[in-house]
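*Asks:* Dropping the structure in here first, questions after.
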Amino acid sequence: MSRYNSDGILFYDVDLVASLDAQRRSIESDINSIDQNRLLNTSPDDLVQYFVEKNHVEAPKLLLDKWTVESREGTQRVRDFGREITVPVQQLIVRIPYEGEGQLFQARPSTYTSVFPRGSYDGNALTIVVNVHSGGTPENVRAAIDREVESVQQYLTWIQSNVASHNNQLERIVEASISRRRTQVLTQQGIVSALGIPLRERADAPRTYVAPAVRKKVVPTLPPASTAPYKPEPVLEMQIYEHILEVIQGMTKVMERSPSTFARMDEESLRDHYLVQLNGHYQGSATGETFNASGKTDILIREQDKNIFIGECKFWKGAKVFTDTIDQLLGYSSWRDTKTAILVFNRNRNTSKVLDEVKAATEGHQHYKRTLAWPHESGFRFVMHHPTDNNRELIMTVLVFDIPEAASRVPTKKAASKKAIGRS
């Protein structure tokens, strides 16, 4: 069904700015209406994405390369020497498909003129009727059509300006509203203080290796989440996580400066050097060690028998082995907001190619959620989720380090000669 007001006037009925203002004001009440436990059990980033998508407005865009014109006979009321008479005319029906939200053809932008375009729209196309009087030339007819279309396009430009202003505010408004609601609920439950796990830094922590500080709209579906009572879980503070990575990178610089010392070491031996440096910075609550080894290559921080930081050290052996490492991390993760790191040791390979394969393998993983902005010349940061729960997220930072190959692994001419003699 075509829609327009009784006079066929477009861009007139609804005050667009007032309508968008009201929509933004409704966001907080929508967020406040979510069940408390569902709110807390849902990833905040997923909630932000849902409400941003829900309130995002897409201005109509005319698809002029797909327009059609048909002709029919009609009549038009005109004035003739003070009298109003009806005369026969040829009517050209111009249908222009569009993308975006059609109801905005009814909205009046903040900028407008005293002359409004006329027409109607349905779910697929905008329709404009142009009357052609006898004697009209093709050039004059085309000019009349172009004028009508240009008038519509001008209003759509003004619409787009108001819509862009609205869309640009959404993420900030949604994030603030969700943060307020979560804080309010957690405060009411008296568990805000249980959310963080501080690590006590040693007073004599070495500073040698610490880096300096630096279409048409589709309505989204609310992310699935449990409404079971929310249970707070310890998390590693982001500031501590970043410092852990700085210590790791500092230790790697030491390896790069003394290649002969580390060239023959396997993953387990390299891991132990990282553990020594990390435990030189942080002191556990009950023992002298915060970071522990579990299994062959893990670097772990455990709280209440659960892992809140997991590090894996792996030599690069291709995308398949790297994907298996991601699966291993996901299997270790059991709490929300687990922080993880994969340290990829690259020996005599094209580092740029390895980085490309790391990114492609991670973003193609079935439990990948998004790539975070984290500018680093030899690494990436991703958000993954637990295989059984989309809301149990972990941050995974991948760092690729060049580790030298042991020189003794390449036989010299003298060694090769002795080996040949020994065989003879």
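The values are calculated or read from the model by the stated rules, or taken from the named source; none is laboratory data. These numbers come from a predicted model, not from an experiment. Glycine also receives a Cβ, built like all others from the backbone with ideal geometry; neighbour counts cover every protein chain displayed.
*Asks:* Going by the conditions given, is Pro220 more than 34 Å from the chain's Cα centre (by Cα), at pLDDT below 80 and either assigned by TED's automatic domain parsing to the domain that holds Glu101 or over 23 Å from Leu394 (Cβ atoms) (or both)?
*Replies:* Answer is no for this residue.
*Asks:* Val115 - would you say it is of a type outside the set (Gly, Ala, Ser), in contact with a helix residue (DSSP H, G or I) (Cβ under 8 Å, 6 or more places away or on another chain) and closer than 22 Å to Asn140 by Cα?
*Replies:* Considered against the rule, which asks whether it is of a type outside the set (Gly, Ala, Ser), in contact with a helix residue (DSSP H, G or I) (Cβ under 8 Å, 6 or more places away or on another chain) and closer than 22 Å to Asn140 by Cα, Val115 comes out as yes.
*Asks:* Right, here's the next one. Which residues, taken from segment 237-274, are over 33 Å from the mean Cα position of the chain (by Cα) and among the aliphatic types (A, V, I, L, M)?
*Replies:* Across segment 237-274, the qualifying residues are Val254, Met255, Ala263, Met265, Leu270.
*Asks:* Taking the options Thr252, Thr351, name whichever one is farther than 20 Å from Met384 by Cα, of a type outside the set (A, V, I, L, M, F, W, C), modelled with pLDDT of 80 or more and surrounded by 17 or more Cβ atoms within 10 Å (Cβ to Cβ).
*Replies:* Step by step, each of Thr252, Thr351 is checked, and only Thr252 is farther than 20 Å from Met384 by Cα, of a type outside the set (A, V, I, L, M, F, W, C), modelled with pLDDT of 80 or more and surrounded by 17 or more Cβ atoms within 10 Å (Cβ to Cβ).
*Asks:* Determine whether Gln366 is of a type in the set (S, T, N, Q), in the same structural domain as Asp266 (by TED's automatic domain parsing) and in a loop (DSSP other than H, G, I, E, B).
*Replies:* Yes; evaluated as a whole, the condition is true for this residue.
*Asks:* Between a first residue in segment 35-46 that is over 16 Å from Ile395 (Cα atoms) and part of a helix (DSSP H, G or I) and a second residue that is at pLDDT below 90 and among the charged types (D, E, K, R), which pairs have beta carbons less than 6 Å apart while being 6 or more apart in sequence or on different chains?
*Replies:* Close Cβ pairs satisfying both conditions: none exist.
*Asks:* Continuing with the same structure: Could you pull out the residue among Asn279, Asn292 that is more than 16 Å from Leu394 (Cβ to Cβ), buried (at least 17 other Cβ atoms within 10 Å of the Cβ), of a type outside the set (Phe, Trp, Tyr) and modelled with pLDDT under 85?
*Replies:* Numbers: Asn292 fails: buried (at least 17 other Cβ atoms within 10 Å of the Cβ).
The unique qualifying residue is Asn279.
*Asks:* Does Val354 count as in the same structural domain as Ile299 (by TED's automatic domain parsing), among the β-branched types (Val, Ile, Thr), part of a helix (DSSP H, G or I) and more than 25 Å from Ser43 (Cβ to Cβ)?
*Replies:* Criteria met by Val354.
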